[in-house]
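The values are calculated or read from the model by the stated rules, or taken from the named source; none is laboratory data. Remember, predicted model here, so these are calculated numbers, not experimental data. Note that each Cβ is placed from the backbone with ideal geometry, even for glycine, and that neighbours are counted across all protein chains shown.
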Amino acid sequence: MPHGRPGMKVLGIDIGGTGIKGAVVDTKHGVLKTDRLRLLTPHPAEPEQVADVVQTLTRHFDWSGPIGCTFPGVTKGGTIHTAANLVPDWVGRDAAALFGEATGCPVVLLNDGDAAGLAEVAFGAARGNDGVVMMITLGTGIGTALVHGGRLVPNTEFGHVSLHGGDAEKYAAELVRERENLTYEQWGRRVGEYLRMIEDLIWPDLFVLGGGISKKADKFEGYLDCRTPVVAARLLNQAGIVGAALQAARTGDKAKSKAKDKKK
């Protein structure tokens, strides 16, 4: 599938600890233009094996344009700096170049929490909010995105702040609820404890809770007990795909703008 007009359609790929999802996104409206395809994350999730899955997704959509791709860790300039829920071999790898070589497409890489936050601010539960928005994704770990006045502060890692002597995500991630067989009340109180700690650090105007569990927010939101308003993400598991595609579209637009300025 061709990528269409610049800034309009982009392939978004969301890499997670258990699954890798992709779809073509209309970045003007924040909607999927194709059905979403989800493939299992290889175990162990070595760089070359994950690149093979990214290539498979690209071929599935017959894609030849720009790709926006998330990664569950700190990313700078396409290079991975942390990979807490994958394997250490990722650290120091230029994943954007790796995926670009595998797909033959230009790839823009960003943190998975950041992608979800961008999507929710642009098209979802935080749309129109010009204050301090903290997006928190609850899944295999805890991803975060901090957005102020519509501008992203990239690579916040608030899922790794210390809570009860260890990483907060080891205490309050959705995977912990499953592994420890916690009730929604028990888990909701843990999440609430985590939110209260975060709000004392940054004093946000809004929390947006994302990840697949957000569609069951009614089961635990009554136990969160924090002063900051909390809303469930609207884009659910599509947020990472949409946000990654949006970032790739914006990056392309900036590059074209700089090229025009140089010609003047």
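Residues in the stretch 119-145 that are within 12 Å of the chain's Cα centre (by Cα) and either farther than 16 Å from L209 by Cβ or part of a strand (DSSP E or B) (or both): M135, I136, T137, L138, I142, G143, T144, A145.
Scanning the stretch 174-199 for residues that are of a type in the set (A, V, I, L, M, F, W, C), modelled with pLDDT of 95 or more and under 23 Å from the mean Cα position of the chain (by Cα) returns V176, W187, V191, L195, M197, I198. Residue selection: A126 satisfies the criterion of being of a type in the set (G, A, S) and under 23 Å from V31 (Cβ atoms). Of the residues making up the stretch 80-110, those that are part of a strand (DSSP E or B) and more than 23 Å from K9 (Cβ to Cβ) are I80, D94. Remark: pairs (first residue in the stretch 80-95, closer than 17 Å to G19 by Cβ; second residue among the polar types (S, T, N, Q); Cβ separation under 6 Å; 6+ apart in sequence or on different chains) = N85/T140.
Residue count for the stretch 27-65 under the criterion of being hydrophobic (A, V, I, L, M, F, W, C) and outside any helix (DSSP H, G or I): the result is 8.
Could you list, in sequence order, the residues of the stretch 149-166 that are closer than 17 Å to I136 by Cβ and in contact (Cβ under 8 Å) with a residue 24 or more places away in the chain? So that I can check it myself, show each step before the final result.
Start the filter on the stretch 149-166 by keeping residues that are closer than 17 Å to I136 by Cβ, which leaves 152-163.
Correct list: L152, P154, N155, T156, E157, F158, G159, H160, V161, L163.
In the condition set (1) over 16 Å from G252 (Cα atoms); (2) outside any strand (DSSP E or B); (3) small (G, A, S), A23 is compliant with all but (2). Taken across the stretch 47-68, residues that are touching a residue at least 24 places away in the same chain (Cβ under 8 Å), under 30 Å from M134 (Cα atoms) and among the hydroxyl-bearing types (S, T, Y) do not occur at all. The residue of the stretch 229-244 that is nearest to the chain's Cα centre (by Cα), among those that are under 15 Å from G139 (Cα atoms) and surrounded by fewer than 23 Cβ atoms within 10 Å (Cβ to Cβ), is N237. Screening G210 against (1) surrounded by 20 or more Cβ atoms within 10 Å (Cβ to Cβ); (2) free of Cβ contacts under 8 Å to residues at least 24 places away in the same chain; (3) within 19 Å of L236 (Cα to Cα) leaves a single unmet condition, (2). Taking the stated definitions as given, is G159 at pLDDT below 95, within 20 Å of the chain's Cα centre (by Cα) and in a strand (DSSP E or B)? It is false that G159 is at pLDDT below 95, within 20 Å of the chain's Cα centre (by Cα) and in a strand (DSSP E or B). Each residue in the stretch 69-79 was checked for being in contact (Cβ under 8 Å) with a residue 24 or more places away in the chain, in contact with a strand residue (DSSP E or B) (Cβ under 8 Å, 6 or more places away or on another chain) and outside any loop (DSSP other than H, G, I, E, B), and 4 of them qualify. Would you check which residues across the stretch 17-35 are touching a strand residue (DSSP E or B) at 6+ places or on another chain (Cβ under 8 Å) and surrounded by 15 or more Cβ atoms within 10 Å (Cβ to Cβ) and list them? Listed by number, the residues that qualify are G19, I20, K21, G22, A23, V24, V25, D26, T27, L32, K33, T34. Confirm whether G104 is within 30 Å of F61 (Cβ to Cβ), modelled with pLDDT under 95 and in contact with a helix residue (DSSP H, G or I) (Cβ under 9 Å, 6 or more places away or on another chain). Against the criterion (within 30 Å of F61 (Cβ to Cβ), modelled with pLDDT under 95 and in contact with a helix residue (DSSP H, G or I) (Cβ under 9 Å, 6 or more places away or on another chain)), G104 does not qualify.
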